[in-house]
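Okay, structure first, notes after.
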Amino acid sequence: KRMGMKIAPPTLGETRPGSELTERARRALLLRDSVEGLAFARDALEDVEGERLDISQCRFTRCRIAPGRIKWLSFTDCVFENCDFSGALLRSASLWRVELRDCTAAGADFSESSLQSVLFQDAMLRYANFSRAKFHPARFESCCLDGAAFYEAKPKALAFAGGSLAEAELGGMPLKGIDLRSTDIRGIRLTGGELKGAIVSPVQAMELARLLGVEIRE
């Protein structure tokens, strides 16, 4: 259920069993081909470098996703379940109609990436970097984003449902219209007017007032 925001689900047709994900990706880079219509389980995409890699209509279960430096990396119509993105380099990547469920992406670098119709559900994203990323739309459902960086991110359409943003860096990201009431925002780091138009609970408002140096007296 995606309340209040239309996120298009991945269009996944029949997938064939795939294997040797890293080798397939290297071959696709070499031949300027794509990785398409496959299901990978307990596999890995690691240390792959090159110009352009397109991965579409694929399902990944319990895979390690840590590509190297790929200049232009795109995932389209993909589902990731119980996958490990810890420390992955996904800078400037394009994610379109993608779901990440029960994944770990602690310290992953999504900076300057484009996230279009992306759902993160029950994901561990501690210290992940979304600086200058574009969200249009994206939804974080019951995710741990403690210490994550959203510096100067562009949330054209972004939703948080439950989960935690404790100690997250939100400097330069406009929060207008974003409902934070169900999310733990203790200790979030701000630089100025990011909170204008954000939706918060009375308890959060008091916490934020303290954060902004406001004294509340009876």
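The values are calculated or read from the model by the stated rules, or taken from the named source; none is laboratory data. Predicted, not measured: the structure shown is a model, and the values here were computed from it. Ideal geometry is used to build each Cβ from the backbone, glycine not excepted, and the neighbour counts take in all protein chains shown. Heavy atoms of the whole protein, side chains included, go into the accessibility calculation; ligands, DNA and RNA do not. Shrake-Rupley method; radii C 1.70, N 1.55, O 1.52, S 1.80 Å.
Quick check: is even one residue across the range 185-196 within 30 Å of R62 (Cα to Cα), of a type outside the set (D, E) and surrounded by fewer than 23 Cβ atoms within 10 Å (Cβ to Cβ)? No, there is no match, as no residue in the range 185-196 is within 30 Å of R62 (Cα to Cα), of a type outside the set (D, E) and surrounded by fewer than 23 Cβ atoms within 10 Å (Cβ to Cβ). Does K156 fit the bill of being more than 12 Å from the chain's Cα centre (by Cα) and of a type in the set (K, R)? Judged against the criteria, K156 is a match. Among the criteria (1) farther than 29 Å from D179 by Cβ; (2) in contact with a Phe, Trp or Tyr (Cβ under 8 Å, 6 or more places away or on another chain); (3) at pLDDT 95 or above; (4) open to solvent by 20 Å² or more (accessible area, probe 1.4 Å), the one R62 does not fulfil is (2). Evaluated against (1) in a strand (DSSP E or B); (2) in contact with a Leu (Cβ under 8 Å, 6 or more places away or on another chain), A39 falls short on exactly one condition, (2). Just one of the listed residues (S111, S19) is assigned to a loop (DSSP other than H, G, I, E, B), among the hydroxyl-bearing types (S, T, Y) and surrounded by 19 or more Cβ atoms within 10 Å (Cβ to Cβ), namely S111. Scanning the range 178-218 for residues that are polar (S, T, N, Q) and either over 16 Å from A153 (Cβ atoms) or at pLDDT 90 or above (or both) turns up S182, T183, S201, Q204. Filtering G177, G171 for residues that are over 12 Å from the mean Cα position of the chain (by Cα), open to solvent by less than 10 Å² (accessible area, probe 1.4 Å), closer than 18 Å to I188 by Cβ and not hydrophobic (A, V, I, L, M, F, W, C) leaves a single hit, G171. Considering the range 47-59, and only residues there that are in a strand (DSSP E or B) and acidic (D, E), the residue that is surrounded by the fewest Cβ atoms within 10 Å (Cβ to Cβ) turns out to be E51. Among the residues making up the range 75-108, a single one is of a type in the set (V, I, T) and open to solvent by 40 Å² or more (accessible area, probe 1.4 Å): T104. So is R69 open to solvent by 10 Å² or more (accessible area, probe 1.4 Å), on the phi > 0 side of the Ramachandran plot and free of Cβ contacts under 8 Å to residues at least 40 places away in the same chain or not? Considered against the rule, which asks whether it is open to solvent by 10 Å² or more (accessible area, probe 1.4 Å), on the phi > 0 side of the Ramachandran plot and free of Cβ contacts under 8 Å to residues at least 40 places away in the same chain, R69 comes out as no.
Could you run through the range 114-131 and say how many residues are open to solvent by less than 10 Å² (accessible area, probe 1.4 Å) and either under 13 Å from D146 (Cβ atoms) or aromatic (F, W, Y) (or both)? Number of matching residues: 5. Does the range 138-153 contain at least one residue that is closer than 22 Å to A66 by Cα, in a loop (DSSP other than H, G, I, E, B) and open to solvent by 10 Å² or more (accessible area, probe 1.4 Å)? So far as the range 138-153 goes, yes, one or more of its residues are closer than 22 Å to A66 by Cα, in a loop (DSSP other than H, G, I, E, B) and open to solvent by 10 Å² or more (accessible area, probe 1.4 Å). Applying a threshold of 8 Å to beta carbon distances and a minimum spacing of six or more residues, or different chains, the list of pairs starting in the range 98-110 at a residue that is on the phi > 0 side of the Ramachandran plot and ending at one that is surrounded by fewer than 24 Cβ atoms within 10 Å (Cβ to Cβ) and not polar (S, T, N, Q) reads D102/E81; D102/D122; G107/G87; G107/R126; G107/Y127. Counting only residues that are in a helix (DSSP H, G or I) and open to solvent by 80 Å² or more (accessible area, probe 1.4 Å), the range 202-218 holds 4 of them.
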